[in-house]
1. Among (1) part of a loop (DSSP other than H, G, I, E, B); (2) surrounded by 10 or more Cβ atoms within 10 Å (Cβ to Cβ), where does E79 come up short?
2. Among the numbered criteria (1) of a type outside the set (A, V, I, L, M); (2) touching a residue at least 60 places away in the same chain (Cβ under 8 Å); (3) in contact with a Lys or Arg (Cβ under 7 Å, 6 or more places away or on another chain), which single criterion is violated by S58?
3. Identify all residues within the range 1-21 that are aliphatic (A, V, I, L, M) and either surrounded by 15 or more Cβ atoms within 10 Å (Cβ to Cβ) or part of a strand (DSSP E or B) (or both); write none if there are none.
4. If I filter the range 62-85 for residues that are modelled with pLDDT of 95 or more and touching a Gly at 6+ places or on another chain (Cβ under 7 Å), do I get at least one hit?
5. For Q35, are the conditions met, namely being surrounded by 11 or more Cβ atoms within 10 Å (Cβ to Cβ), more than 11 Å from the chain's Cα centre (by Cα) and either part of a strand (DSSP E or B) or not acidic (D, E) (or both)?
6. Output the residues belonging to the range 58-76 that are surrounded by 10 or more Cβ atoms within 10 Å (Cβ to Cβ) and farther than 14 Å from I20 by Cα.
7. Any idea which residue in the range 38-57 is surrounded by the fewest Cβ atoms within 10 Å (Cβ to Cβ), counting only those that are polar (S, T, N, Q) and touching a helix residue (DSSP H, G or I) at 6+ places or on another chain (Cβ under 7 Å)?
Amino acid sequence: MSHTLLIWEQVPESTDLYLIPNDKLSEEQFEYLHQAQNRFINSDGMNDGMKFLSTALSHDCAEEGFEKYRGCLREYKWEDNSEPITDRPEISITNVFLSGFVL
């Protein structure tokens, strides 16, 4: 199964990985990920991609106009760090995006 890897950095404290099945992302969501690529909340100017990620990774808050995406990516947080993702034959990573939040 093909996946998108989202690297979400909370600078300078932590990095979270989200392994998202490509069939769970709409074209609109892919576009938002492209817009947020290599941009950081509190460091770069906000755009729709960053608003999407801020909402999609949140438990309870939502950027205005993005309420329908509240928490939609949280379930894909990668918790199993016992072995590299690349050592799993059932996972194929086709896209990698980097974004985050500067504390």
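The values are calculated or read from the model by the stated rules, or taken from the named source; none is laboratory data. As the structure is a prediction and not an experimental result, all values here were calculated from the model. Backbone-built Cβ (ideal geometry, glycine too); neighbour counts: all protein chains shown.
1. Looking at each condition in turn, E79 falls short on (2).
2. Unmet for S58, out of (1) of a type outside the set (A, V, I, L, M); (2) touching a residue at least 60 places away in the same chain (Cβ under 8 Å); (3) in contact with a Lys or Arg (Cβ under 7 Å, 6 or more places away or on another chain): (2).
3. Filtering the range 1-21 for residues aliphatic (A, V, I, L, M) gives 1, 5-7, 11, 17, 19-20.
Scanning the range 1-21 gives L5, L6, I7, V11, L17, L19, I20.
4. no
5. For Q35, the condition - surrounded by 11 or more Cβ atoms within 10 Å (Cβ to Cβ), more than 11 Å from the chain's Cα centre (by Cα) and either part of a strand (DSSP E or B) or not acidic (D, E) (or both) - is met.
6. Across the range 58-76, the qualifying residues are S58, C61, A62, E63, G65, F66, E67, Y69, R70.
7. Checked the range 38-57; the qualifying residue surrounded by the fewest Cβ atoms within 10 Å (Cβ to Cβ) is N47.
Yes/no per residue for (1) touching a Phe, Trp or Tyr at 6+ places or on another chain (Cβ under 9 Å); (2) of a type in the set (F, W, Y); (3) within 15 Å of T15 (Cα to Cα):
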| site | (1), (2), (3) |
| --- | --- |
| G65 | no, no, no |
| Y69 | yes, yes, no |
| L73 | yes, no, no |
| W78 | yes, yes, yes |
| D87 | no, no, no |
| E90 | no, no, no |
| V96 | no, no, yes |
